[in-house]
Amino acid sequence: MAEEDNRAIVRRAIEAFNKQADRSGYFDMYAADVELHGFPPGLPPGRTGLQAFYGLLWSAFPDGEITLDDLFAEGDRVAARFHMTGTHKGDFMGLAPTGKPVTIEGITILRFTNGECVERWNRIDDMGLMQQVRALAAQGG
């Protein structure tokens, strides 16, 4: 039953992420000292680092919305394959806003203890994002 509970926690978090008026509920699933892997260097540790990262993300892509493409759970872990769509309207990691629509694909693995995410591994298609905002030229054949 814990696996289904953990999947439900992730679904609720994504619903909160997609509420542009108040996204604060997104962080409810995370332990204060959540361990983060695959995020930009220099973030504060724990939930504070997540809040800093997502503050930057939501400033750059204020209409960002996540769709879960796959959601798997086994034991204390949940794996999510997702994509986020949005419009590049603010600075993001040194890139000036382009006004371009983007789709960012990624995979996240979350480890839960007592109904909280205590560890997260994250991978997104950084190269695809950079190509969409024209920070990198697409490779032709």
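The values are calculated or read from the model by the stated rules, or taken from the named source; none is laboratory data. Quick caveat, the model's predicted, so the values are computed rather than measured. Cβ: placed from backbone, ideal geometry, glycine included. Neighbour counts: every protein chain shown. To get the accessible areas, we keep the full protein, side chains included, count just its heavy atoms, and leave off ligands, DNA and RNA. Shrake-Rupley method; radii C 1.70, N 1.55, O 1.52, S 1.80 Å.
Quick notes
- Ala73 vs. criteria touching a strand residue (DSSP E or B) at 6+ places or on another chain (Cβ under 6 Å), more than 28 Å from Gly99 (Cβ to Cβ), at pLDDT 95 or above and surrounded by 14 or more Cβ atoms within 10 Å (Cβ to Cβ): no
- Test: residue in the stretch 113-127 that is without any contact (Cβ under 8 Å) to a residue 24 or more places away in the chain, touching a Ser or Thr at 6+ places or on another chain (Cβ under 6 Å), within 24 Å of Ala8 (Cα to Cα) and not charged (D, E, K, R): no
- Counted residues, the stretch 86-102 - those being open to solvent by 60 Å² or more (accessible area, probe 1.4 Å), assigned to a strand (DSSP E or B) and closer than 20 Å to Phe53 by Cβ: 0
- Flag if Thr48 is among the β-branched types (Val, Ile, Thr) and within 15 Å of Arg120 (Cβ to Cβ): yes
- All conditions but one from (1) in contact (Cβ under 8 Å) with a residue 24 or more places away in the chain; (2) in a loop (DSSP other than H, G, I, E, B) apply to Asp5; the one that does not is (2).
- Failed item in (1) within 23 Å of Lys19 (Cα to Cα); (2) surrounded by fewer than 16 Cβ atoms within 10 Å (Cβ to Cβ), with Asn114 passing the rest: (1)
- Just one of the numbered conditions (1) in a helix (DSSP H, G or I); (2) over 13 Å from the mean Cα position of the chain (by Cα); (3) under 19 Å from Asp28 (Cβ atoms); (4) not aliphatic (A, V, I, L, M) is not true of Arg111: (1).
- Test: residue in the stretch 54-69 that is open to solvent by less than 40 Å² (accessible area, probe 1.4 Å) and free of Cβ contacts under 8 Å to residues at least 12 places away in the same chain: yes
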